[in-house]
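Participant: Here it is: the structure, laid out below.
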Amino acid sequence: PAIVAQALLFIENRDLLDESRPTLNPAVDWVRFARAALGQLGRMVSADLDAPGGSTLATQIEKYRHSPDGITFDARDKLRQMVSASVRAYREGENTLPVRRRLVLDYLNTVPLSAAPGHGEVNGLGDGLWVWFAADFARVNALLSAVDGQGEVLRAQGRALRQVVALMIAHRRPTWYLARGRDELSR
């Protein structure tokens, strides 16, 4: 549903589907990258500083699909992810908008969401909803695709959107938020 893509883009990469920029490189967001670099410098001064990451959806996909253990170990790894994601983005030509649309869908369908006892690795929004919230993926999609309801339907739509957004937040630290940090995730 459109609201799911909009929520993801609001959290992660607001300009990704900007149609006025058909040749946008989805692997590099210079403002986000600069903010992350400054945050890393700040962490040299204070290790307790919570520094934001600089990864776009494209580089995150490269990281969890192709980096050992889905981890970026150093600046060289980050650069490799950015270059690889850039090459993938321009494979079909300079207009990257179709690729950027697929990135949103690919991300939602494949994002790692930790592991759960009795289930193993959980990947993608559909499996995440089922494992972590016992929510039916088809029902969530139907609720979030429908016109705003009233009464119980509106409450169900709100609950579904809250679960989706919770998983989008949790993907930043899935092992923490989906295991020991469930109270923090709920807040």
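The values are calculated or read from the model by the stated rules, or taken from the named source; none is laboratory data. Being a predicted model, the structure only gives us computed values, none of them experimental. Reconstructed Cβ throughout: ideal geometry from the backbone, glycine too, with neighbour counts over all protein chains shown. Please note that ligands, DNA and RNA were not included when accessible areas were found on the heavy atoms of the full protein model with its side chains. Shrake-Rupley method; radii C 1.70, N 1.55, O 1.52, S 1.80 Å.
Participant: Within segment 30-45, is even one residue at pLDDT 85 or above and either out of contact with any strand residue (DSSP E or B) (no Cβ under 7 Å at 6 or more places or on another chain) or aliphatic (A, V, I, L, M) (or both)?
Facilitator: no
Participant: Among the listed residues LEU178, LEU113, LEU108, identify the single one that is open to solvent by less than 60 Å² (accessible area, probe 1.4 Å) and at pLDDT 95 or above.
Facilitator: Matching residue, one of LEU178, LEU113, LEU108: LEU108.
Participant: Filter segment 162-175 for residues that are open to solvent by 50 Å² or more (accessible area, probe 1.4 Å) and part of a helix (DSSP H, G or I); which is modelled with the lowest pLDDT?
Facilitator: Top of the filtered list is THR175.
Participant: Within segment 128-151, can you find the residues that are open to solvent by less than 60 Å² (accessible area, probe 1.4 Å), at pLDDT below 95 and assigned to a loop (DSSP other than H, G, I, E, B)?
Facilitator: Matches in segment 128-151: ALA146, GLY149, GLY151.
Participant: List pairs: first in segment 74-89 and more than 14 Å from LEU103 (Cα to Cα), second part of a loop (DSSP other than H, G, I, E, B) and at pLDDT below 85, Cβ under 7 Å, 6+ apart or cross-chain?
Facilitator: ASP77/SER67; LYS78/THR72; GLN81/SER67; GLN81/THR72
Participant: So, in segment 106-127, how many residues would count as being part of a loop (DSSP other than H, G, I, E, B) and within 15 Å of THR56 (Cβ to Cβ)?
Facilitator: So the answer is 1.
Participant: Here's another thing I want to ask about it. From the list ARG32, ARG65, ARG14, which one is without any contact (Cβ under 8 Å) to a residue 12 or more places away in the chain and either at positive phi or surrounded by 12 or more Cβ atoms within 10 Å (Cβ to Cβ) (or both)?
Facilitator: ARG14
Participant: Scan segment 94-105 residue by residue and report those that are open to solvent by 60 Å² or more (accessible area, probe 1.4 Å), part of a helix (DSSP H, G or I) and either of a type in the set (D, E, K, R) or touching a Phe, Trp or Tyr at 6+ places or on another chain (Cβ under 6 Å) (or both).
Facilitator: ARG101, ARG102
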